[in-house]
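Encoded as structure tokens, the structure appears first; notes follow it.
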Number of protein chains: 2
Amino acid sequence: MTSRHTFSDRHRRTRSDHAQETAADYVEAIDDIQAAEGRCRVIDLARRFDVSHVTVTKAIARLKREGLVTSEPYRPLELTEAGRQLAAKARRTHTIVYEFLRAIGVSEQVAAIDTEGIEHHVSRQTLDCFLELTQRLRGDQSA
Amino acid sequence: MTSRHTFSDRHRRTRSDHAQETAADYVEAIDDIQAAEGRCRVIDLARRFDVSHVTVTKAIARLKREGLVTSEPYRPLELTEAGRQLAAKARRTHTIVYEFLRAIGVSEQVAAIDTEGIEHHVSRQTLDCFLELTQRLRGDQSA
DNA sequence: GAAAAATTGTAGCCCCTGCTACAATTCGCC
DNA sequence: GGCGAATTGTAGCAGGGGCTACAATTTTTC
Ligand SMILES: [Mn+2]
Ligand SMILES: [Mn+2]
Ligand SMILES: [Mn+2]
Ligand SMILES: [Mn+2]
């Protein structure tokens, strides 16, 4: 199948997707929580992801290294401009995937769960197809 | 959104999906390679996934612990019955996702890549929706 | 304003997945 | 039969992501 690509391309890409997954989910969550509560603390993320605050602290250390987050000791987290941009992009993707799953008949609960994983593995092209089909199915609704 | 579930449910599920991801991809690959070459060696998997043979050896050690694979030192890999069943299930899911992406207009190359990640995050319900829509779109082809 | 509670940080542990370097074994070929 | 190549195994390293236990700091409460 598909003669001019290797299996390794596919798996390399999946591994690379996973490496960026935490970053995307974290900055999106930080942005969310800031919007809802005015600020985002480590404990807020720990509760959202159901992990210990230590796990969050270590993840945040990495996001700082990558220039997505800033913070001073014992203070709430802030997003850098790059962090805000990634959050916006992550949210757009998340919404498109979720709305698509809903449009093709997946329940709210299941769509929410599946979206959280799928969103990190959809290329631009696939996302466009999702968007287009969501529109089409909505127009079709009456049928 | 979706009032009676927590964010943590979604992320817990995604983490659990990832834990099973390696197992599914490996047994599927072993089954593939056995079918094509008569046997599957460590080096075959290393080439397919584009990782070192050491990485494969360690992953295989885990699959042995989990009862999916057996092998003797310096000998080719064998699947247990459980391994074969998981491989079959993984292949079914893989095919459904791939055919679905193709049906909604994604190119062969991109569909092959995206499928490799998405397949691990589609619940049964979503898979059913994929299948149904694939059928519908194929009938619709003329439109 | 001090004690208690909540939050954050740090030390140290685990497993998974990646690697290089090197040793052991098997395979292929003369 | 043996030698070189291919394959597999092992030692030791790194980073990501999970944890508990405990210390430090901030926030809340009285
Ligand atoms: Mn996610
Ligand atoms: Mn994934
Ligand atoms: Mn896969
Ligand atoms: Mn697959």
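List of remarks:
- Annotation: amide H of A:Thr80 within the under-5 Å range of A:Val69, A:Thr70, sequence separation 5 or more or interchain, hydrogens built in the peptide plane.
- Paramagnetic label zone (point 7 Å from Cα along Cα-to-C-beta, B:Leu137; backbone N under 13 Å) in region B:70-100: B:96-100
- Residue of chain A whose Cβ sits closest to the axis mapping A onto B, with distance in whole Å: A:Ile118, 3
- Nearest-first distances (nm) between copies at B:Pro73, label 7 Å from Cα via Cβ: 5.2
- Distance in nm between pseudo-label sites at B:Gln109 and A:Phe7 (7 Å out along the Cβ direction from Cα): 2.1 nm
- Other copies of A:Thr95: label-to-label distances in nm, shortest first, labels 7 Å along the beta-carbon direction: 3.8
- Across the identical copies, how the B:Glu108 labels are spaced - nm, sorted shortest first, 7 Å along Cα→Cβ: 4.3
- Only Lys, Arg (+1) and Asp, Glu (-1) charged, at Cβ; region B:4-138 dipole about Cα centre in debye: 400 debye
- The distance from the alpha carbon centre of region A:44-72 to that of region B:71-136 is 33 Å, rounded to a whole number.
- Signed unit charges on C-beta, dipole axis of chain A, positive-most listed residue A:Ala90, A:Ala111, A:Ala61: A:Ala61
- When the helices of chain A are scored as -39500 (n - 2.57) per DSSP H run of n ≥ 4 and the total is divided over every residue, the value at 222 nm lands at -24000 deg cm²/dmol.
- Charge tally in the Cβ shell below 13 Å around A:Thr55, where Lys, Arg are +1 and Asp, Glu are -1, A:Thr55 excluded: +4
- In this structure the amide hydrogen of B:Cys40, modeled in the peptide plane, comes within under 5 Å of the amide hydrogens of B:Leu77, none closer than 5 places in sequence on its chain.
Only the coordinates and a few stated rules stand behind these numbers; no lab work does. Computed from a prediction, not measured in an experiment: that's the story for all the values here. Cβ atoms come from the backbone with ideal geometry, glycine included; neighbour counts cover every protein chain shown.
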